[in-house]
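Below is one structure, written out as structure tokens; comments come after it.
The values are calculated or read from the model by the stated rules, or taken from the named source; none is laboratory data. All figures in this text were calculated on a predicted structure; none of them were measured in a lab. Here Cβ is always computed from backbone atoms with ideal geometry, including for glycine, and neighbour counts include all displayed protein chains.
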Amino acid sequence: MSGFSPNPDQNFGVRIQEALGNEELRESFHGAMTFLREKRRQQFPDPDALDALRTRGAAIRERALAQLPDLLEQLEGQCQHNGIRVHWAEDAAEANEIITGIARKTGGKRVVKGKSMATEEIGLNTAFENAGFSCLESDMGEYIVQQAHETPSHIIMPAIHRNKASIARQFAEQIPDTPYTEDVDELIGIGRRVLRRAFADADIGISGVNFAIAETGTLCLVENEGNGRMSTTVPDTHIAVMGIEKVIEKLSDLPDLYRLLTRSATGQPITTYLNLISGPRKPDEIDGPRQVHLVLLDNGRSRIYADRQLRETLRCIRCGACMNHCPVYERLGGHAYGTVYPGPIGQVVMPQLLGLDKAGKLTQACSLNGACGEACPVKIPLPDLIRRLRHDGVSRTDSPVRGQGKQRKWIEATIWATWLSIHTHPRLYRLSTLMATRLRRLMPPLPRAWTRHRSPLRPAARTLHETLQQRERARQKESAREQ
């Protein structure tokens with residue numbers, strides 16, 4: 001996964017402290033998340049209507065997952081009937097090999113890529129670079145982070161961590177004959193001029209897929225800037241990359257999911273472009289690609305699908321609403337996670353893709369406040385899944401997730417075992433609380449991770465039972481005097 005850590009647990013604590021210490025970053029994310037939450041709220045003024053729509057969306061995704069193997073075969077057949085060439089990739093390496101192989105066969109060298117989290121997941125840009133191709137990101141946010149040699153910090157808004165001043169400096173330094181300006185419209189115009197030339201010169205266009213409709217063999221691409229439409233229609237070859245979970249059963253399923261996606265992601269009633277791609281250019285058409293390829297990516301999804309509870313992860317429509325409502329993500333930003341998918345959905349997806357031994361610590365960066373589950377437009381129970389993965393991280397179960405038990409620490413396990421014994425034996429509980437109060441001044445200092453932001457805790461001088469008994473004796477004496 002190019003640009004992201006293959007072992008995000010490593011230095012996770014360091015990245016957290018760096019993010020918390022970056023006031024500019026925290027200010028940017030706080031403003032952006034507050035703005036996005038308010039826009040979404042305005043799009044769903046009626047809570048009952050929202051709940052009904054979420055219920056329908058969840059049912060559509062659940063129905064598709066229940067039939068996933070059959071729907072994928074149906075999608076393959078319909079796509080081939082429409083003239084789309086279908087390829088199956090078991091993992092990231094195979095997907096990159098398929099895509100670069102297609103590119104070599106076309107004889108082209110210049111690639112433009114629309115926004116796609118699946119291609120970020122497989123590290124496609126690095127694969128193209130290693131294969132001798134130039135690949136330019138055509139989404140404005142992706143273009144900004146690519147030019148800065150950064151990675152996206154949000155699945156919908158890749159450059160949300162950047163402010164206009166930093167982008168103005170970047171453009172002035174890296175784009176020839178570009179004056180420094182902090183005017184947002186001018187900055188967008190500068191980026192568009194670069195990208196339009198890239199579209200005209202490109203031999204190959206890469207895109208993601210928001211939904212694939214098995215009934216018709218149609219690829220649905222949702223966007224605002226037009227880069228997706230340009231990437232999929234101007235070059236002679238279009239390659240779409242899609243996680244296998246993105247398939248839905250019918251065209252009639254699309255409107256509800258589309259309403260949920262656009263309003264949850266950016267607070268829009270509808271996006272500027274909704275692209276429905278059902279095949280390459282026909283002989284009587286004057287534009288469009290001459291070849292369309294669809295790469296169906298597994299990359300661990302079948303393993304997720306094998307577990308009844310964890311399968312709910314695959315309902316995700318990649319709207320980013322869980323991130324926008326997560327108080328932890330708002331304070332850390334996306335880069336602190338060190339993964340392709342950050343925030344609550346990343347805490348569920350990445351440990352399953354990479355293993356709990358490499359990404360299990362991500363599940364601890366959660367207060368379990370439940371905001372992500374309440375915001376999810378397709379009702380993924382994210383807090384429950386995070387708790388499940390936390391359990392798998394410290395226990396050996398029959399879960400298909402790799403790295404089970406790797407987060408278990410013997411000191412922590414011993415402390416909890418002692419706590420359990422104390423709280424299940426009344427005499428031991430009374431003795432331990434009595435000792436804690438009498439020896440409270442000998443209590444060792446708490447870890448700095450706790451006391452850095454909290455007052456140190458010290459046992460009371462008396463146990464709760466003693467305090468209540470003292471109060472009762474005082475009450476009885478007072479009552480006796482009154483009599």
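Counting the residues of the stretch 350-403 that are assigned to a helix (DSSP H, G or I), closer than 21 Å to ALA118 by Cβ and either out of contact with any helix residue (DSSP H, G or I) (no Cβ under 6 Å at 6 or more places or on another chain) or without any contact (Cβ under 8 Å) to a residue 60 or more places away in the chain (or both) gives 5.
Please note which helices (runs of 4 or more DSSP H) are completely contained in the stretch 158-277 and include at least 2 residues that are of a type in the set (D, E, K, R). Show your work before the answer.
On the way: elements: 164-174, 184-201, 227-233, 254-265.
Those helices (runs of 4 or more DSSP H) span 164-174, 184-201, 254-265.
A single member of THR55, THR100 is assigned to a helix (DSSP H, G or I), at pLDDT 95 or above and more than 27 Å from SER302 (Cβ to Cβ), and it is THR55.
Would the stretch 197-206 turn up any residue that is among the acidic types (Asp, Glu) and touching a helix residue (DSSP H, G or I) at 6+ places or on another chain (Cβ under 9 Å)? Spell out how you get there, then give the answer.
Start the filter on the stretch 197-206 by keeping residues that are among the acidic types (Asp, Glu), which leaves 201, 203.
Cutting the leftovers down to touching a helix residue (DSSP H, G or I) at 6+ places or on another chain (Cβ under 9 Å) gives us 203.
Yes, the conditions are met somewhere in the stretch 197-206.
Of all the criteria given as (1) assigned to a helix (DSSP H, G or I); (2) more than 23 Å from ILE122 (Cβ to Cβ), the one not satisfied by ALA336 is (2).
Examine the stretch 75-97 for a residue that is in contact with a strand residue (DSSP E or B) (Cβ under 9 Å, 6 or more places away or on another chain), modelled with pLDDT of 95 or more, among the basic types (Lys, Arg) and within 23 Å of ALA202 (Cα to Cα), and state whether such a residue exists. Yes, the conditions are met somewhere in the stretch 75-97.
Does GLU129 count as in a helix (DSSP H, G or I), charged (D, E, K, R) and surrounded by 15 or more Cβ atoms within 10 Å (Cβ to Cβ)? No; evaluated as a whole, the condition is false for this residue. Filtering ILE144, ILE204, ILE213, ILE160 for residues that are in the same structural domain as GLU249 (by TED's automatic domain parsing), among the β-branched types (Val, Ile, Thr), more than 30 Å from GLN74 (Cα to Cα) and more than 19 Å from the chain's Cα centre (by Cα) leaves a single hit, ILE144.
The rows are residues; the columns are (1) crowded, with 23+ Cβ neighbours inside 10 Å; (2) in contact with a strand residue (DSSP E or B) (Cβ under 9 Å, 6 or more places away or on another chain); (3) among the polar types (S, T, N, Q); (4) modelled with pLDDT of 95 or more.
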site: CYS326; (1), (2), (3), (4): yes, no, no, yes
site: GLY346; (1), (2), (3), (4): yes, no, no, yes
site: VAL349; (1), (2), (3), (4): yes, no, no, yes
site: SER367; (1), (2), (3), (4): no, no, yes, no
site: GLU374; (1), (2), (3), (4): no, no, no, yes
site: ILE380; (1), (2), (3), (4): yes, no, no, yes
site: LEU385; (1), (2), (3), (4): yes, no, no, yes
site: LEU389; (1), (2), (3), (4): yes, no, no, yes
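When VAL394 is tested against (1) more than 18 Å from ASP9 (Cβ to Cβ); (2) at pLDDT below 95, just one condition goes unmet, and that condition is (1). Condition check for PRO444 on (1) over 30 Å from PRO351 (Cα atoms); (2) touching a helix residue (DSSP H, G or I) at 6+ places or on another chain (Cβ under 6 Å); (3) not polar (S, T, N, Q): one failure, at (2). LYS39 fulfils the conditions (1) over 21 Å from the mean Cα position of the chain (by Cα); (2) within 15 Å of LEU260 (Cβ to Cβ) except for a single criterion, (1). Being crowded, with 19+ Cβ neighbours inside 10 Å and touching a helix residue (DSSP H, G or I) at 6+ places or on another chain (Cβ under 7 Å) is a condition met by no residue of the stretch 74-82.
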